[in-house]
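Visitor: Encoded as structure tokens, here's the structure I'll be asking about.
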Amino acid sequence: MTSSIVSVSKETRVFPPPGEFAAAARVGSLEAYTAMYRRSIDDPAGFWGEQAAELFWFDAPKTIRQWDPPKARWFEGGTTNLAYNCLDRHVAAGAGDRTALIWEGEPGEVRRVSYAELLRETCRCADALRKLGIAAGDRVVIYMGMVPEAVIAMLACARIGAVHSVIFGGFASDAVRDRVNDAGAKLIITQDGAWRRGKIVPLWDNVEHALRSCPSVEHTVVLRRTGNPITLSPGRDVEWTDALATASSQLEAVPLPAEHPLFILYTSGTTGKPKGVMHTTGGYMVGAHVTTKYVFDLHDDDIYWCTADIGWVTGHSYIVYGPLCNRATVLMYEGAPNHPDVDRLWEMIARHRVTIFYTAPTAIRAFIRWGDEHPRKHDLSSLRLLGSVGEPINPEAWMWYRDVIGGGRCPIVDTWWQTETGAIMMAPLPGAIAAKPGSCTLPFFGIVPKILRQDGTEAAPNEGGFLVIEQPWPSMLRTVWGDDERFRETYFSRFPGKYFTGDGARRDPDGYFWVMGRVDDVVNVAGHRLGTAEIESVLVAHPDVAEAAVVGRPDELKGQALVAFVTLKAGRAPTDAVREALAEHVSAEIGKFARPDSIRFADALPKTRSGKIMRRLLGELATGQAPRGDVTTLEDISVLAALRGDDE
Ligand code: WT7
């Protein structure tokens, strides 16, 4: 494992910001970006002090940044409140009537919530939580669907300093139990059920089952959404409407120290027990605020839509805290993208006149698979900016996104970041930085990414290596909840004093970063260390292929042999001729050494609930082993069975 990672991507297309876009943008040229970036690096305290000053503090910060690796403290001496900054600040400035949320339920109802109303409801929820015994520092689990009350619950926790831990509504009972117990939560906020593809996800049943082994939980608050029959235990469980009925709609936001914990979010660690990533108030607030403002180039008349679930960090930072801090109007959708039909999202963009649309490559590949005719049926001309997050976006998917969804006119911001980073770390500022399909381009203000070799020296241009971040940034995780040692070990031991992202990447001669995926997703074939994402990207560029995952299996001769799992586009048949053509295609595009030794066709690939392909499972299948380890994050267990039965 001493060799570096070979990057085989040959992408050369460049798309500068459209002139009209740049003219109206917050940062309108590469020079302007470079000057701001330089300043943020040369004088971090000055730069971040100014960013913090755009927000409200009860007491202004005294020390901007303290760095004693791996421990960072930001805005020490300052006290603030994130809910105040998302709500009261705008209402006080006269924007109470402005729409904060446009919410659309899966069955089709639409609800508009103004900033003033969101503030009132947040106060009522916060007061209800207090009356149920919740105080600053207590942990509250939020296990809900995509309803406005989930946002209200998060803001209510932030208002009184309770630490929320949102658990994605797709998780089953055991996963809920483990997270509740790890966090030591006193209260769970949930629903009778959530709508998903016309069916009810029984959230309450899952909670009730988990509660048999969650001794820390004293109360639950249950929102009626679907009418799914539920049985509550008086004294322990209370309905949302009852809890809020007598609560005050005017509850002062609590001044909290900058380093007061804001939330814990469990990441779907591929092995072992989930990690509770902990973020704190002041630094996270400043990071979410400033990245939303510049990366999405928010303007007052934007209708902003991020399709993530609030159970993921993308939902925390770019549905709730970042946009609301910026007084944005946020579209929030409850249900599935293919309900009642596969054009639901495009129909919604046209009807709500959405201007900014932020989604994930896994979704984009599904849209491609469903067919161009669906977006083409709708008027998408309101869109002015597109975003991508979650994994490397294949250049072909990027081009499709640009042409078919963006009409060739919208810049695309490919945003690289992690649950741990709290906020976007690299992305093209859309009015300033030319995009290259598949590259997250250049670092955001204050961020110092480096590509290192195994021995810690810096990689040369275009040489693949390990992606690290050298300086602290305000929204970085502070620890793994209850496990400082794991925090140190996971992120700061490989390259002492530097934050290790776990990703492999290269930097091209223009200084652009190309993230190749997790370093665990690297194969070593005949001495070449290859990022599997790049081989997958080549496969997906073939006209027959919808999705691909490449893994290694031990091979006496080559070290590792390459096994490709491929799903074909609708209507293409999985024949030997196609298999041969795909192998030839990879061989021609990358080189003979990268030719897959075996190609297996599948109807679907195993994915985590956040849409990441579970290559570890595929690796085990490719080796002929039964899958070991944690499969609780797998979205659809039946996919595994189908793959196991299938062979070349
Ligand atoms: C990992 C973080 C950040 C919110 C959603 C995922 C991969 C994320 C990109 C991108 C290439 C990306 C990385 C990263 N990733 N965005 N734009 N280009 N890779 O959060 O579940 O914490 O996953 O997702 O591998 O480390 P997460």
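The values are calculated or read from the model by the stated rules, or taken from the named source; none is laboratory data. Remember, it's a predicted structure, so these values are computed and weren't measured experimentally. Note that each Cβ is placed from the backbone with ideal geometry, even for glycine, and that neighbours are counted across all protein chains shown.
Visitor: Checking the condition at positive phi and either in the same structural domain as Asp302 (by TED's automatic domain parsing) or in contact with a helix residue (DSSP H, G or I) (Cβ under 8 Å, 6 or more places away or on another chain) (or both), which residue from Arg365, Arg353, Arg376, Arg344 passes?
Guide: Arg353
Visitor: Continuing with this model, one more query. Being surrounded by 15 or more Cβ atoms within 10 Å (Cβ to Cβ) and either modelled with pLDDT of 95 or more or in contact with a Gly (Cβ under 8 Å, 6 or more places away or on another chain) (or both) is true for just one of Asp192, Asp301. Which residue is that?
Guide: Asp192
Visitor: Does segment 596-611 hold any residues that are at pLDDT 80 or above and either aliphatic (A, V, I, L, M) or buried (at least 21 other Cβ atoms within 10 Å of the Cβ) (or both), and which are they?
Guide: Answer for segment 596-611, where residues must be at pLDDT 80 or above and either aliphatic (A, V, I, L, M) or buried (at least 21 other Cβ atoms within 10 Å of the Cβ) (or both): Pro596, Ile599, Ala602, Ala604, Leu605, Pro606.
Visitor: Among (1) in contact with a Lys or Arg (Cβ under 9 Å, 6 or more places away or on another chain); (2) aliphatic (A, V, I, L, M); (3) buried (at least 22 other Cβ atoms within 10 Å of the Cβ), there is one condition Leu256 misses while meeting the rest; what is its number?
Guide: Here Leu256 clears every test but (1).
Visitor: On to the next question. Of all residues in segment 468-514, how many are part of a strand (DSSP E or B) and of a type outside the set (Gly, Ala, Ser)?
Guide: Result for segment 468-514: 12.
Visitor: Name the single residue that is nearest to the chain's Cα centre (by Cα) among those in segment 394-413 being of a type in the set (A, V, I, L, M) and over 21 Å from Leu30 (Cβ atoms).
Guide: Ala397
Visitor: One residue is enough: does segment 55-66 have a residue meeting the conditions surrounded by 14 or more Cβ atoms within 10 Å (Cβ to Cβ), assigned to a helix (DSSP H, G or I) and either of a type outside the set (Phe, Trp, Tyr) or assigned by TED's automatic domain parsing to the domain that holds Thr441 (or both)?
Guide: For segment 55-66, residues surrounded by 14 or more Cβ atoms within 10 Å (Cβ to Cβ), assigned to a helix (DSSP H, G or I) and either of a type outside the set (Phe, Trp, Tyr) or assigned by TED's automatic domain parsing to the domain that holds Thr441 (or both): absent.
Visitor: Quick one: how many residues across segment 606-615 are part of a strand (DSSP E or B) and within 17 Å of Arg369 (Cα to Cα)?
Guide: Here the count works out to 2.
Results for (1) surrounded by 14 or more Cβ atoms within 10 Å (Cβ to Cβ); (2) under 24 Å from Leu467 (Cα atoms), shown as yes or no for each residue.
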residue: Ile5; (1), (2): yes, yes
residue: Lys10; (1), (2): no, yes
residue: Val14; (1), (2): no, yes
residue: Phe21; (1), (2): yes, no
residue: Ala25; (1), (2): yes, no
residue: Tyr37; (1), (2): yes, yes
residue: Ala45; (1), (2): no, no
residue: Gly49; (1), (2): yes, no
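Visitor: Out of the helices (runs of 4 or more DSSP H) lying entirely within segment 260-359, which hold 1 or more residues that are small (Gly, Ala, Ser) and within 16 Å of the ligand (Cβ to nearest atom)?
Guide: 281-295, 322-325
Visitor: Go through segment 67-98 and count every residue that is in a strand (DSSP E or B) and surrounded by fewer than 14 Cβ atoms within 10 Å (Cβ to Cβ).
Guide: Qualifying residue count for the region: 2.
Visitor: Oh, and also: In segment 404-426, what residues are aromatic (Phe, Trp, Tyr) and closer than 21 Å to Trp74 by Cβ?
Guide: Hit for segment 404-426 is Trp417, nothing else.
Visitor: Can you list the strands (runs of 3 or more DSSP E) found entirely within segment 516-605 that contain at least 1 residues being within 16 Å of the ligand (Cβ to nearest atom) and in contact (Cβ under 8 Å) with a residue 40 or more places away in the chain?
Guide: Result: 522-525, 528-531, 545-555.
Visitor: Now for a different question. Considering only segment 467-487, how many residues are within 21 Å of the chain's Cα centre (by Cα) and over 23 Å from Pro44 (Cα atoms)?
Guide: Going through segment 467-487 one residue at a time, the tally reaches 3.
Visitor: Test each condition in (1) at pLDDT 95 or above; (2) crowded, with 20+ Cβ neighbours inside 10 Å; (3) farther than 20 Å from Ile393 by Cα for Trp514 and report the one that comes out false.
Guide: Trp514 satisfies all of (1) at pLDDT 95 or above; (2) crowded, with 20+ Cβ neighbours inside 10 Å; (3) farther than 20 Å from Ile393 by Cα except (3).
Visitor: Has segment 213-235 got at least one residue that is assigned to a helix (DSSP H, G or I) and more than 28 Å from the chain's Cα centre (by Cα)?
Guide: Yes, segment 213-235 has at least one match.
Visitor: Please state which one of Phe495, Phe500 is without any contact (Cβ under 8 Å) to a residue 60 or more places away in the chain, within 16 Å of the ligand (Cβ to nearest atom) and either in the same structural domain as Ala622 (by TED's automatic domain parsing) or in contact with a Gly (Cβ under 6 Å, 6 or more places away or on another chain) (or both).
Guide: Being without any contact (Cβ under 8 Å) to a residue 60 or more places away in the chain, within 16 Å of the ligand (Cβ to nearest atom) and either in the same structural domain as Ala622 (by TED's automatic domain parsing) or in contact with a Gly (Cβ under 6 Å, 6 or more places away or on another chain) (or both) holds for just one of Phe495, Phe500, which is Phe495.
Visitor: Another question, then. Would you tally the residues in segment 465-479 being away from the ligand (no atom under 12 Å from the Cβ) and in contact with a Gly (Cβ under 6 Å, 6 or more places away or on another chain)?
Guide: Qualifying residue count, segment 465-479: 2.
Visitor: For segment 381-398, give me each residue that is buried (at least 18 other Cβ atoms within 10 Å of the Cβ) and more than 16 Å from the ligand (Cβ to nearest atom).
Guide: The answer is Leu383, Arg384.
Visitor: Another question, then. Please name all residue pairs, on different chains or six or more residues apart, with Cβ atoms under 7 Å, provided the first residue is in segment 373-384 and is among the hydrophobic types (A, V, I, L, M, F, W, C) and the second residue is in a loop (DSSP other than H, G, I, E, B).
Guide: Leu380/Gly407; Leu383/Val354; Leu383/Thr355; Leu383/Gly406; Leu383/Cys410
Visitor: Filter segment 399-413 down to the residues that are buried (at least 24 other Cβ atoms within 10 Å of the Cβ), closer than 25 Å to Ala548 by Cβ and away from the ligand (no atom under 11 Å from the Cβ) and list them by number.
Guide: Passing the criteria: only Tyr401.
Visitor: Given the structure, is Arg196 in contact (Cβ under 8 Å) with a residue 12 or more places away in the chain, within 20 Å of Ile310 (Cβ to Cβ) and of a type in the set (D, E, K, R)?
Guide: Spelling it out, Arg196 is indeed in contact (Cβ under 8 Å) with a residue 12 or more places away in the chain, within 20 Å of Ile310 (Cβ to Cβ) and of a type in the set (D, E, K, R).
Visitor: Continuing with the same structure: Since Ile319 meets every condition but one in (1) aliphatic (A, V, I, L, M); (2) surrounded by 24 or more Cβ atoms within 10 Å (Cβ to Cβ); (3) more than 15 Å from the chain's Cα centre (by Cα), which condition does it not meet?
Guide: Every listed condition holds for Ile319 apart from (3).
Visitor: Of the residues that sit in segment 414-443 and are more than 17 Å from Pro17 (Cβ to Cβ) and more than 15 Å from the chain's Cα centre (by Cα), which one is farthest from the ligand (Cβ to nearest atom)?
Guide: So, considering only residues that are more than 17 Å from Pro17 (Cβ to Cβ) and more than 15 Å from the chain's Cα centre (by Cα), the one farthest from the ligand (Cβ to nearest atom) is Pro443.
Visitor: Quick check on Leu452: is it over 18 Å from Arg506 (Cβ atoms), within 16 Å of the ligand (Cβ to nearest atom) and not assigned by TED's automatic domain parsing to the domain that holds Gly571?
Guide: Spelling it out, it is not the case that Leu452 is over 18 Å from Arg506 (Cβ atoms), within 16 Å of the ligand (Cβ to nearest atom) and not assigned by TED's automatic domain parsing to the domain that holds Gly571.
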